[in-house]
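A.B. asks: Take a look at this one; I'll ask things after.
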Amino acid sequence: MIKQVDPDLVYNPNLTISEGGIYPWSRMADNTDSWHMRLVTAVADHYNFSVRKPLGQLKADQLKIILYGAGTNRFRVKYVGAGGREAGYYNARFEGVVPNLERRYKETESDYIRREIDKYLRELPCEVCKGKRLKPEALSVTIKGKNIMDITQLSIKDTITWIQNLNKSSNESDGLSNNEKIIVKQVLKEIITRLDFLIAVGLDYLSLNRTARTLSGGEAQRIRLASQIGTGLSGVLYVLDEPSIGLHQRDNQKLIDTLKDLRELGNTVLVVEHDETTINQADYVIDIGPKAGEHGGNVIATGTPEDIRKNYNSITGEYLSGRKKITKENIRAKAKKVSKNNGSEGDNHIQEGLFISLKNVKHRNLKGINVSFPLGKFICITGVSGSGKSSLLNETLYPALASEIYGSNIKPGKFESLTGLEYIDKVVDIDQSPIGRTPRSNPATYTGVFTPIRELFSKTRESRERGYSPGRFSFNVKRGRCENCQGDGLIKIEMQFLPDVYVPCEVCKGKRYNRETLQIDFSGKNISEVLDMTVEQALEFFRKIPQIQKKLQTLNDVGLSYIKLGQSATTLSGGEAQRVKLASELSKRGTGKTVYILDEPTTGLHFYDIENLLVVLHSLVLKGNTVIVIEHNLDVIKTADWIIDLGPEGGDKGGKIIAEGTPRGITRLKSSYTGQWLGKVL
């Protein structure tokens, strides 16, 4: 694969050049007197087209000149001297968008420029080897009609079948002779053994040439686990962090059996896990809590799963024993209360009977499926690992909606048509990526609650006497912040080949602000002390200030009462970051026509946290919005209004719609693995 500029990512066919239709030129498109726009206008005049004509309406050869340049041809361009006076003419070449971006990407030493140009790059197959990586001489060596690259493109399951068939007699000229079968016997045995390890951890759908960076965290962890099984070591302590991430319930038992095999070899396996099936089959459980943050950190219960179930102090035990259950009725009742708290009970019947539909989706392993998403509903996309869920939702539907609604240049997967756009006005992808990458980013700034807090401090009597504006209490601008750490409260120490280390600022002692700013207080607390409050404490402190109280209430509603307002974004887990984003969305006044997209939002969440998450998601639906999630967790799936189940298997044997309907309806379909497991919990 070679990184190249993808022409489809650099322009919008519905816009003109002067409207910013060429994305890398959009900032200079407004300035018709700039050298660049004068050159482009000269090129347009020469080839008889206008910079005010939509790019999609240009002739193919005209668009090609804009994208790839005009070769050695020169164009007479008028240039302006000092003071705006015309200084003369210059005969200039026109490089074209694509060559210009590729040249600058190779030549620049600026990380910022590289990141900017990266938006327009895509990994495309090498034109010489067509993505096969090897020379023709190496590819000419075949066994039973397949070269080495043909084999690596097969799924692990199909590779084993092909290898097992090598020992069968064959009339093919490039089959194995009897002598060759004897020679390779031990080699084939070793290959099959290693592939069996990968199948044992539920990865039979992966192809052997799958690049490491495209693997999910759970897949990468299970590959490392498979490599350990083959070593046959004993006396080893294995530590795994949620290995069941991304795994369908059908394949979960395979993973648990693999962990048990490691135990039987004389090893100790320590697993951080929230999956009920895994916990129930553990030899020993350590339950930490009772809740999160400042309310956690204690060992609540230890012992066998049965001991945990009997412990009434353990929230985990409450759910394992069935004393506490997640039901759709309870979730909806709590969701109505949350909607009411946020001043908008909404009406999810507005979207009744309306759909957004994708026709003939053929991206990756999807087999030309036609799929409709009912609006105003909580929708779950289910299916075994590798069945095409992410290909459908993250790589096709979201980019297609973002492109149509926002003019995004994210290229969607291959599909024929998209209908129902007129019924929605916004699409939001709420993932588990950090809300910021520096200590300056925090829940208060992300949710917007910090703005009214700063305004409140600026209205105190002492602030007015000193002439302090809200900007004085921002740690992003000079005057009020500590200049030694520039408002971070921490000093970054670069460790060369090790991760960066942050230490408290010696001047402000981690308080972010200078001495003068910290002298201003509201109800006995300065701005730094407010940022050090938990959401729970701040909710009580600002209970009489509706504008602040409302935003804090949303953070409380999503189960984040324990985090601090000024807590660094770098210390939040993926699940916490996702819930901060949800809180931000919950506090906004919407039109009830938003589509929210989430990929496995329960990753890293306890039963208690899942219940809180579901309350928030259903409260968004009660406002008339549509929530679409990819999920394997049965507690989430059973509360869905509609399920789209893909499969039947992963990889090439997936990509079909196996079932569509309500949770109860899905359980009646024997062809659906999801339906079979769902039937056990309903």
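The values are calculated or read from the model by the stated rules, or taken from the named source; none is laboratory data. These numbers were taken from a predicted model, which means no experiment stands behind them. As a convention, Cβ positions derive from the backbone with ideal geometry for all residues, glycine included, and neighbour counts pool all protein chains shown. Heavy atoms of the whole protein, side chains included, go into the accessibility calculation; ligands, DNA and RNA do not. Shrake-Rupley method; radii C 1.70, N 1.55, O 1.52, S 1.80 Å.
A.B. asks: So how do 12-18, 640-646, 178-184 stack up, highest first, on mean other-Cβ count within 10 Å?
C.D. replies: Values: 12-18: 17.6, 640-646: 24.6, 178-184: 11.4.
Answer by packing, highest mean first, reads 640-646, 12-18, 178-184.
A.B. asks: How many percent of the accessible area of the chain is carbon or sulfur, using a 1.4 Å probe?
C.D. replies: The C+S portion of the solvent-accessible surface of the chain is 49 percent.
A.B. asks: Another one. So if I take the alpha carbon set of the stretch 233-336, get Rg, then get Rh from the Kirkwood formula, what is the Rg over Rh ratio?
C.D. replies: Rg divided by Rh gives 1.02.
A.B. asks: Just flag the trypsin sites (Lys or Arg not before Pro) in the stretch 612-682 sitting in loop per DSSP whose Cβ has no more than 14 other Cβ atoms within 10 Å.
C.D. replies: ARG668, LYS670
A.B. asks: From the helices alone, meaning DSSP H stretches of at least four residues, give me the mean residue ellipticity at 222 nm for the chain, per-run term -39500 (n - 2.57), in deg cm²/dmol to the nearest 500. Each step should come with its number before you reach the end.
C.D. replies: Numbers: 29 runs with 254 residues, N = 682.
Helices in the chain give a 222 nm mean residue ellipticity of -10500 deg cm²/dmol.
A.B. asks: Only four residue types carry charge here, +1 at the Cβ of Lys and Arg and -1 at the Cβ of Asp and Glu. Report the dipole size of the stretch 180-269 about the Cα centre in Debye, rounded to the nearest 20.
C.D. replies: On the way: 12 positive and 11 negative charges, 42 e Å.
The calculation lands at about 200 debye.
A.B. asks: Let me ask something else about it. To the nearest 10 Å², what's PHE475's accessible area with a 1.4 Å probe?
C.D. replies: Probe radius 1.4 Å; accessible area of PHE475 about 0 Å².
A.B. asks: A further question on this structure: For a quick check of your reading of the filter: which GluC sites (Glu not before Pro) in the stretch 422-492 sit in a DSSP loop and have no more than 10 other Cβ atoms within 10 Å? Intermediate results must be reported in sequence, preceding the final value.
C.D. replies: Details: sites: GLU422, GLU455, GLU462, GLU465, GLU483; in loops: GLU483.
Nothing satisfies the criteria.
A.B. asks: Take the alpha carbon atoms of the stretch 259-313, find their center, do the same for the stretch 529-579, and report the distance between the two centers in whole angstrom.
C.D. replies: 29
A.B. asks: If amide H atoms are built 1.01 Å from N in the plane of the peptide, which residues on other chains or at least 5 residues away come under 5 Å of the amide H of ALA659?
C.D. replies: For ALA659, whose amide H was placed from the backbone, the distant partners under 5 Å are ASP645.
A.B. asks: Would you mind putting 594-604, 155-165 in packing order, based on average other-beta-carbon counts within 10 Å, highest first? The partial results should precede the final answer.
C.D. replies: On the way: 594-604: 22.2, 155-165: 16.6.
Averaged packing, sorted descending, gives the order 594-604, 155-165.
A.B. asks: Report the Cα centroid-to-centroid distance between the stretch 442-500 and the stretch 136-210 in angstrom, as an integer.
C.D. replies: Cα centroid to Cα centroid, the span is 61 Å.
A.B. asks: For a bin width of 10 Å, list the pair-distance distribution of the stretch 480-554 built from all Cα-Cα distances, rounded to whole %.
C.D. replies: It works out to 19, 35, 29, 14, 3, in whole percents.
A.B. asks: Expected output is a single nm value to one decimal: the length gained when fully extending between HIS295 and ASN267, i.e. 0.36 nm times separation in residues minus the C-alpha distance. What is it?
C.D. replies: Length gained, HIS295 through ASN267: 6.7 nm.
A.B. asks: Using the beta-carbon distance between MET495 and GLN253 and R0 = 41 Å, what value does 1/(1 + (r/R0)^6) give for FRET efficiency, to the nearest 0.05?
C.D. replies: Values: r = 42 Å, r/R0 = 1.03.
Efficiency computed from Cβ-Cβ geometry: 0.45.
A.B. asks: With a probe of 1.4 Å, find how much accessible area the stretch 386-481 has per residue, and write the answer as a whole number in Å².
C.D. replies: Values: 4400 Å² over 96 residues.
The answer is 46 Å² per residue.
A.B. asks: Could you go through the stretch 495-502 in sequence order and give the Karplus-derived ³J(HN,Hα) for each residue, using 6.51 cos²θ - 1.76 cosθ + 1.60 with θ = phi - 60°, rounded to whole Hz, and x for Gly and Pro?
C.D. replies: Computed from phi, the couplings for the stretch 495-502 are 10, 6, 8, 9, x, 4, 10, 10 Hz.
A.B. asks: List the residues whose amide H sits under 5 Å from the amide H of GLY383, counting only those 5 or more places along or on another chain, with H placed 1.01 Å from N in the peptide plane.
C.D. replies: Here LEU646 satisfy the definition.
A.B. asks: Could you report the accessible area of SER528 in Å², rounded to 10, computed with a 1.4 Å probe on the protein chains as they sit in the structure?
C.D. replies: Rounded to the nearest 10, that gives 20 Å².
A.B. asks: Now, a different point. Taking the Cα atoms of the stretch 545-627 alone, what are Rg (to one decimal) and Dmax (as a whole number) in Å?
C.D. replies: Rg and Dmax of the stretch 545-627, Cα atoms, are 12.7, 36 Å.
A.B. asks: Evaluate the relative contact order of the stretch 137-292 (contact order divided by residue number), counting alpha-carbon pairs under 8 angstrom at least 6 apart; express in whole percent.
C.D. replies: With pairs under 8 Å counted, the relative contact order is 20 percent.
A.B. asks: I would also like to ask the following. Could you work out the relative contact order of the chain, using alpha carbon pairs under 8 angstrom and six or more residues apart, expressed as a whole percent? Walk me through the numbers on the way to the answer.
C.D. replies: Values: 1181 pairs, mean separation 85.8, N = 682.
Contact order relative to length: 13 percent.
A.B. asks: Charges at C-beta only: +1 for Lys and Arg, -1 for Asp and Glu. How large is the resulting dipole of the stretch 113-271 about its Cα centre, in Debye rounded to 20?
C.D. replies: Rounded to the nearest 20 debye, it is 240 debye.
A.B. asks: Next question. Could you work out the Rg to Rh ratio of the stretch 154-234, with Rh taken as the Kirkwood radius (inverse of the mean 1/r over all Cα pairs)?
C.D. replies: Using Cα coordinates only, the ratio equals 1.05.
A.B. asks: Separate question: Going by the alpha-carbon gyration tensor, a ≥ b ≥ c the square roots of its eigenvalues, is the stretch 1-148 rounded (a/c under 1.5) or, if a/c is not under 1.5, prolate (a/b greater than b/c) versus oblate? Please list the in-between numbers first.
C.D. replies: Values: a/c = 2.53, a/b = 2.25, b/c = 1.13.
Prolate, because a/c is 1.5 or more and a/b exceeds b/c.
A.B. asks: Sequence gap at least 6, Cα distance under 8 Å: using those rules, report the relative contact order of the stretch 379-456 to the nearest whole percent.
C.D. replies: 18
A.B. asks: Okay, moving on. Ignoring ligands, DNA and RNA, what accessible area per residue does the stretch 99-240 give at 1.4 Å, in Å²?
C.D. replies: 64
A.B. asks: Here's another thing I want to ask about it. Report, by chain and number, residues whose modeled amide H sits under 5 Å from the one on GLY175, excluding near sequence neighbours (fewer than 5 apart, same chain).
C.D. replies: Amide H to amide H, under 5 Å and 5 or more residues apart or across chains, GLY175 pairs with LYS144.
A.B. asks: Running Debye on the stretch 563-682 with equal point scatterers at the Cα sites and no solvent, what base-10 log of I(q)/I(0) appears at q = 0.10, 0.23 Å⁻¹?
C.D. replies: Once normalised to I(0) and log-transformed, intensities are -0.37, -1.34.
A.B. asks: So how far apart, in nm, are the two label points at CYS126 and THR591 if each is 7 Å from Cα heading toward Cβ?
C.D. replies: Taking the simple label geometry, CYS126 and THR591 are separated by 4.9 nm.
A.B. asks: Just for the Cα atoms in the chain, what are the lengths along the principal axes, largest first, rounded to whole Å?
C.D. replies: 87, 75, 57
A.B. asks: According to the square roots a ≥ b ≥ c of the eigenvalues of the Cα gyration tensor, what is the shape class of the stretch 239-296, taking rounded for a/c under 1.5, prolate for a/b larger than b/c otherwise, and oblate for the remainder?
C.D. replies: oblate
A.B. asks: Here is a further query. Over the alpha-carbon set of the stretch 199-291, work out the extent along each principal axis and list the three values in angstrom, largest first.
C.D. replies: Largest first, the stretch 199-291 extends 42, 32, 22 Å along its Cα principal axes.
A.B. asks: Taking 51 Å as R0, compute the FRET efficiency from the Cβ-Cβ separation of ALA212 and LYS324 and round it to 0.05. Show your work: numbers first, answer last.
C.D. replies: Details: r = 40 Å, r/R0 = 0.78.
About 0.80, to the nearest 0.05.
A.B. asks: Related question: How about LYS340: which lysines have a C-alpha closer than 20 Å to its C-alpha, ignoring those fewer than 8 places off in the same chain?
C.D. replies: Straight-distance partners of LYS340: LYS328, LYS377, LYS544, LYS550, LYS551, LYS581, LYS588, LYS593, LYS623.
A.B. asks: What percent antiparallel are the DSSP beta bridges of the chain, to the nearest 5?
C.D. replies: Values: 41 of 64 bridges.
Percent antiparallel among DSSP bridges in the chain is about 65.
A.B. asks: Also, quick follow-up: So what J values fall out for the stretch 560-575 if you push phi through Karplus, 6.51 cos²θ - 1.76 cosθ + 1.60 with θ = phi - 60°, rounded to Hz, Gly and Pro as x?
C.D. replies: 10, 5, 8, 7, 8, 4, x, 5, 4, 4, 6, 9, 7, 6, x, x
A.B. asks: Moving on to the next point. Treating only the Cβ atoms of Lys and Arg (+1) and Asp and Glu (-1) as charged, compute the dipole magnitude of the stretch 536-682 about its Cα centre; round to the nearest 20 debye.
C.D. replies: Details: 18 positive and 16 negative charges, 112 e Å.
About 540 debye.
A.B. asks: A follow-up question, please. Please go through the stretch 496-582 and write out the chymotrypsin sites (Phe, Trp or Tyr not before Pro) that DSSP classes as loop and that have at most 13 other C-beta atoms within 10 Å.
C.D. replies: PHE497
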